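Beneath this line is the structure, given in structure tokens, with notes to follow.
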Amino acid sequence: MASCSGVSALSAPHPHVTGVRPNFIAGSWREGADALENVNPSDTRDIVGTYARASAHDVEDAVSAAKAAFPHWAQGPAGTRAEVLDAIGTEIIARKDELGDLLAREEGKTLPEAVAEALRAGQIFKYFSAESYRAEGATYRSLRPGVTLEVRREPLGVVGAITPWNFPLAIPAWKIAPALAFGNTVVFKPAGLVPGSAWALAEIIARAGLPAGAFNLLMGQGADVGAALAAHPDVAGVTFTGSTDVGRRMGAEIFARGGRMQLEMGGKNPLIVLDDADPDEATDLAIAGAFHSAGQRCTASSRLIVTGGIHDTFVEQMVEKMARLRVDDARKSGTDIGPVVSEPQRAIHLDYVHVGEREGAVRAIGGDILARATPGWYLSPALFTSARPDMRICREEIFGPIAAVIRAGTYEEALAVANDTDFGLSAGIVTKNRARIDHFLASVQAGMAQVNLPTAGMDFHAPFTGRKHSSFGPPEKGSECREFFTVAKVVHAAYGG
Ligand code: NAD
């Protein structure tokens, strides 16, 4: 527990750990009228837990508690915020193996990936602990003698944090930590598929010394709980990560009611491989970017744009290496790729496999349902070749272990194909040619660019941002996210009277 001067420490009774895990509202654990079961995608006989489903009434109570807690938290000393966030980060890091195991069990990413994500969530809290101390605002020289001109940054108010299922600890961390660091109060709505990690995180936050109401957890489905939270007039800002469809629809409603928003959405990320690349390195990068976490990453390399001189070697090595990837239980030692997250997601992926074949792409490997010792949503990673940029498999986000190779004649053509997309999240290039790298970095239309690295995988303290249909609003993470979590107030003052 952090020692927090200046705030009334929360006296939350420790919640029941058997039975239904409750929501956290106004400093208390509250059972829902309804509950949802959380199923292990590696073994569908394994129920990870049962989690309360918030009602419209719970949304109302959580927002009103966050609103009531806001003035006190917003005006409290920076040291208090820093201590609370540091305590949360310390506990997450100390428990990263246990939290990672839970994450792998409920979401299906491999245990090493899941433990790394838990560690990253802890590091994010620690990073924003320090951000709490950073000087805010700016001063200008006024045109008028004796007038002080400053720009202050003030907290927004109540922030709604709505998160997807694919990073159940890291994405909530990079929304909740800065929201609190910059003096806002939070209502957190995790994805319905992964309440376990969200609940474990909330349980840590609940004991860290925040005033009652400063942080609230509402579990449940997007269409009811998420929509009600986003629409609430007392929610000053919504930080959302999820699909482009939901983000754009929800965003239109937030705009209409005058709310702020930060939307991180889908991707269709290109990895360009040029003739001078080392095929072994290029295929390792493509596999890491396209298939780790079963391709369920917004930054996954789903379009592999390969120039003619290396194309055939690249494809040959990809197929060889992909055949060796072990798809199995996420928590089994030696597993390279876990199951996909749910049956409906796998059905969508299989549909895209058929779409790709119907469109005339060649399925070089994968795309098959796999049977393992435990019943789960297993799918072999798929690679299409002879893909064209206008095919649906090259234009729509699949968000699963499916990638397409597009052959390009030249670097210029590869770049044009890379930019020919509605999305603009991450983009990568594999080459030793410095002039090409410089041109690529200046020309690629993406929020994040990677050179001789996978398109997925960013430093925890770096900003995260996209363009076109991938993002809306200021970046997440890093110091840059202050732009979203605070509002400017421009002050002209003649203090001398
Ligand atoms: P999703 O859009 O279905 O859901 C995201 C969140 O929004 C969930 O909490 C969901 O319950 C909630 N939600 C759903 N409908 C809602 C509504 N009408 N109003 C308010 N909230 C609602 O996305 P998902 O399936 O959970 O996640 C996959 C998507 O997330 C992919 O498109 C992926 O690219 C994207 N993603 C983006 C980033 C990024 O930073 N750009 C990172 C991870 C995932």
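The values are calculated or read from the model by the stated rules, or taken from the named source; none is laboratory data. Here the structure is a predicted model, which is why all the values come from computation and not from measurement. Ideal geometry is used to build each Cβ from the backbone, glycine not excepted, and the neighbour counts take in all protein chains shown.
Thr244: within 9 Å of the ligand (Cβ to nearest atom) and of a type outside the set (Gly, Ala, Ser), yes or no? Break it down into steps so the answer makes sense when it comes.
On the way: within 9 Å of the ligand (Cβ to nearest atom): yes; of a type outside the set (Gly, Ala, Ser): yes.
Yes, satisfied.
Can you tell which of Ile402, Ile406 is at pLDDT 95 or above and either at positive phi or within 16 Å of the ligand (Cβ to nearest atom) (or both)?
Ile402
Can you name the number of the only condition in (1) within 14 Å of the ligand (Cβ to nearest atom); (2) touching a strand residue (DSSP E or B) at 6+ places or on another chain (Cβ under 6 Å) that Cys481 fails?
If we test Cys481 against (1) within 14 Å of the ligand (Cβ to nearest atom); (2) touching a strand residue (DSSP E or B) at 6+ places or on another chain (Cβ under 6 Å), just (2) comes out false.
Could you check, for the range 277-296, whether at least one of its residues is assigned to a loop (DSSP other than H, G, I, E, B) and surrounded by fewer than 18 Cβ atoms within 10 Å (Cβ to Cβ)?
Narrowing the range 277-296 to residues assigned to a loop (DSSP other than H, G, I, E, B): 277-278, 296.
Cutting the leftovers down to surrounded by fewer than 18 Cβ atoms within 10 Å (Cβ to Cβ) gives us 278.
Among the residues of the range 277-296, at least one is assigned to a loop (DSSP other than H, G, I, E, B) and surrounded by fewer than 18 Cβ atoms within 10 Å (Cβ to Cβ), which makes the answer yes.
Mind counting the residues in the range 242-287 that are over 21 Å from Phe167 (Cα atoms) and aliphatic (A, V, I, L, M)?
9
Here is a yes/no grid of residues against (1) touching a Leu at 6+ places or on another chain (Cβ under 9 Å); (2) among the hydroxyl-bearing types (Ser, Thr, Tyr); (3) surrounded by fewer than 23 Cβ atoms within 10 Å (Cβ to Cβ):
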| residue | (1), (2), (3) |
| --- | --- |
| Ala130 | yes, no, yes |
| Thr139 | yes, yes, yes |
| Ser142 | yes, yes, yes |
| Gly146 | no, no, yes |
| Val151 | no, no, yes |
| Pro155 | no, no, no |
| Trp165 | yes, no, yes |
| Pro168 | yes, no, no |
| Pro172 | yes, no, no |
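Within the range 203-215, identify whether any single residue is surrounded by 24 or more Cβ atoms within 10 Å (Cβ to Cβ), part of a strand (DSSP E or B) and away from the ligand (no atom under 15 Å from the Cβ), and answer yes or no.
Yes, the range 203-215 contains at least one residue that is surrounded by 24 or more Cβ atoms within 10 Å (Cβ to Cβ), part of a strand (DSSP E or B) and away from the ligand (no atom under 15 Å from the Cβ).
Which residue pairs have Cβ atoms closer than 7 Å, lie 6 or more positions apart in sequence or on different chains, and pair a first residue in the range 237-256 that is among the acidic types (Asp, Glu) with a second residue that is assigned to a helix (DSSP H, G or I) and more than 6 Å from the ligand (Cβ to nearest atom)?
Filtered contacts from the range 237-256: Glu253/Ala231.
Restricting the search to the range 84-127, which residues are crowded, with 24+ Cβ neighbours inside 10 Å, of a type in the set (D, E, K, R) and touching a His at 6+ places or on another chain (Cβ under 9 Å)?
If the condition is that a residue be crowded, with 24+ Cβ neighbours inside 10 Å, of a type in the set (D, E, K, R) and touching a His at 6+ places or on another chain (Cβ under 9 Å), then Lys109 is the only one that fits.
For the range 180-198: of the residues being within 16 Å of the ligand (Cβ to nearest atom) and either of a type in the set (Gly, Ala, Ser) or surrounded by fewer than 24 Cβ atoms within 10 Å (Cβ to Cβ) (or both), which is nearest to Gly242 (Cα to Cα)?
Per the stated criteria, the residue is Ala191.
For every residue, the table says whether it meets (1) away from the ligand (no atom under 16 Å from the Cβ); (2) in contact with a helix residue (DSSP H, G or I) (Cβ under 8 Å, 6 or more places away or on another chain).
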| site | (1), (2) |
| --- | --- |
| Ala288 | yes, no |
| Ala294 | no, no |
| Thr299 | no, yes |
| Arg303 | no, yes |
| Asp312 | yes, no |
| Met318 | yes, yes |
| Ala323 | yes, no |
| Arg331 | yes, yes |
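Enumerate the strands (runs of 3 or more DSSP E) found wholly within the range 371-483, keeping only those where 2 or more residues are within 21 Å of Asp312 (Cβ to Cβ).
Those strands (runs of 3 or more DSSP E) span 382-385, 402-408, 426-430.
Which condition from (1) in contact (Cβ under 8 Å) with a residue 12 or more places away in the chain; (2) within 19 Å of the chain's Cα centre (by Cα); (3) within 15 Å of the ligand (Cβ to nearest atom) is the one that Asp422 breaks?
Only one criterion in (1) in contact (Cβ under 8 Å) with a residue 12 or more places away in the chain; (2) within 19 Å of the chain's Cα centre (by Cα); (3) within 15 Å of the ligand (Cβ to nearest atom) is unmet by Asp422, namely (2).
Given the conditions (1) farther than 25 Å from Ala223 by Cα; (2) in contact (Cβ under 8 Å) with a residue 60 or more places away in the chain, and given that Ala118 satisfies all but one, which numbered condition is not satisfied?
(2)
Condition check ((1) over 15 Å from the mean Cα position of the chain (by Cα); (2) on the phi > 0 side of the Ramachandran plot) across all residues:
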| residue | (1), (2) |
| --- | --- |
| Gly183 | yes, yes |
| Lys189 | no, no |
| Gly196 | yes, no |
| Arg207 | yes, no |
| Ala236 | yes, no |
| Asp245 | yes, no |
| Ala277 | yes, no |
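Has the range 350-361 got at least one residue that is surrounded by fewer than 18 Cβ atoms within 10 Å (Cβ to Cβ) and within 16 Å of the ligand (Cβ to nearest atom)?
Yes.
Can you pull out every residue in the range 216-236 that is near the ligand (Cβ under 8 Å from one of its atoms), assigned to a helix (DSSP H, G or I) and not small (Gly, Ala, Ser)?
Val225, Leu229
Before we move on, is Arg81 within 30 Å of Ala493 (Cα to Cα), surrounded by 17 or more Cβ atoms within 10 Å (Cβ to Cβ) and basic (Lys, Arg)?
Details: within 30 Å of Ala493 (Cα to Cα): yes; surrounded by 17 or more Cβ atoms within 10 Å (Cβ to Cβ): yes; basic (Lys, Arg): yes.
For Arg81, the condition - within 30 Å of Ala493 (Cα to Cα), surrounded by 17 or more Cβ atoms within 10 Å (Cβ to Cβ) and basic (Lys, Arg) - is met.
State all residues of the range 461-483 that are crowded, with 19+ Cβ neighbours inside 10 Å and either in contact with a Cys (Cβ under 9 Å, 6 or more places away or on another chain) or within 21 Å of Gly89 (Cβ to Cβ) (or both); if no residue qualifies, say none.
Phe464, Gly466, Ser470, Pro475, Glu476, Lys477, Gly478, Cys481, listed by residue number.
In the set Gly137, Gly122, Gly89, Gly79, which member is at pLDDT below 95 and either of a type in the set (Lys, Arg) or within 28 Å of Gly213 (Cβ to Cβ) (or both)?
Details: Gly122 fails: at pLDDT below 95; Gly89 fails: at pLDDT below 95; Gly79 fails: at pLDDT below 95.
Result of the check over Gly137, Gly122, Gly89, Gly79: Gly137.
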